[in-house]
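Everything below concerns the one structure shown next.
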Amino acid sequence: MSRTRIHNLSISLDGFATGDGQSPDAPMGHAGQRLHAWLVATRFGAPIVGRTGGTAGADDAFAQQHEPGIGAEIMGAGKFGPPGWQDDSDWTGWWGPNPPFHTPTFVLTHRPRSPLVMAGGTTFHFLDASPSEALAVAAEAAAGGDVRIGGGPTVARDFIAAGLVDHIHLVQVPLVLGRGVRLWEGLEGLETDYDVETVSTPGGVTHLTFTRS
């Protein structure tokens with residue numbers, strides 16, 4: 001049975017999963033790369049930023065779970081591009097000609113456009129849909145695979161609040177951002193619906209996994 005999963009979603013100690021002031025030069029706003037420094041240090045994450053090598057410990061083991069079994073991804077407009085990207089017909093996302101998704105990828109936006117076929121098996125589809133509607137479309141495209149909710153925090157929160165996510169992997173990073181977009185708003189009592197496990201690693205982060213009870 002297809003599951004809905006979140007992986008490698010980093011949050012600060014004060015609960016922000018992205019910073020303030022997103023722009024073409026700052027995809028994560030004032031947070032910069034600090035939320036994801038743990039990820040790009042791993043064997044899984046290093047190639048994402050054009051590096052070789054990387055660590056092969058516990059952080060990498062968690063990071064590697066991002067890929068297996070995924071048949072489609074759903075992301076928010078803010079993950080696909082900076083504010084105003086809908087007005088730029090040449091914008092194709094942050095990732096260059098070969099995005100790292102390699103599956104049908106559904107971008108939630110109030111201004112849909114035609115599908116965008118990229119190298120490596122990624123096709124971006126642009127939907128104006130509720131979480132449940134988007135999940136139904138993505139699950140069909142996944143053809144029996146799981147659907148990954150790729151973020152950002154607003155989309156992740158909406159899907160969690162709607163009770164649609166089976167597995168959540170968060171990474172708490174030891175920094176305080178002070179402003180940005182929080183994940184936890186409106187999710188009081190979340191822990192009652194999931195089995196929760198935590199693992200702290202030498203890299204200084206804490207991995208939290210929520211698996212639906």
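Residues in segment 154-169 that are surrounded by 21 or more Cβ atoms within 10 Å (Cβ to Cβ) and assigned to a strand (DSSP E or B): 168 alone. Against the test of being touching a strand residue (DSSP E or B) at 6+ places or on another chain (Cβ under 9 Å) and touching a residue at least 24 places away in the same chain (Cβ under 8 Å), the options 42, 92 yield a single qualifying residue, 92.
Residues in segment 98-137 that are within 15 Å of residue 155 (Cβ to Cβ) and among the hydroxyl-bearing types (Ser, Thr, Tyr): 105, 109, 130, 132.
Evaluate the following for residue 176: is it touching a residue at least 24 places away in the same chain (Cβ under 8 Å), touching a Phe, Trp or Tyr at 6+ places or on another chain (Cβ under 9 Å), closer than 27 Å to residue 30 by Cα and surrounded by 15 or more Cβ atoms within 10 Å (Cβ to Cβ)? Against the criterion (touching a residue at least 24 places away in the same chain (Cβ under 8 Å), touching a Phe, Trp or Tyr at 6+ places or on another chain (Cβ under 9 Å), closer than 27 Å to residue 30 by Cα and surrounded by 15 or more Cβ atoms within 10 Å (Cβ to Cβ)), residue 176 does not qualify.
Say whether the condition of being in contact with a Ser or Thr (Cβ under 9 Å, 6 or more places away or on another chain), touching a residue at least 24 places away in the same chain (Cβ under 8 Å), surrounded by 16 or more Cβ atoms within 10 Å (Cβ to Cβ) and closer than 23 Å to residue 31 by Cα is met by at least one residue in segment 135-146. No, that holds for no residue. Scanning segment 38-69 for residues that are within 16 Å of the chain's Cα centre (by Cα), at pLDDT below 95 and of a type in the set (Gly, Ala, Ser) returns a single hit, 45. Out of all the residues in segment 171-213, which are over 20 Å from the mean Cα position of the chain (by Cα), among the acidic types (Asp, Glu) and in a strand (DSSP E or B)? Passing the criteria: only 195. Taking the conditions (1) under 23 Å from residue 165 (Cβ atoms); (2) in contact (Cβ under 8 Å) with a residue 24 or more places away in the chain in turn, residue 23 satisfies each one other than (1).
The values are calculated or read from the model by the stated rules, or taken from the named source; none is laboratory data. In this text the structure is predicted, and so the values were computed from the model without any measurement. Because the Cβ atoms are built from the backbone with ideal geometry, glycine has one as well, and the counts that use them run over all protein chains shown.
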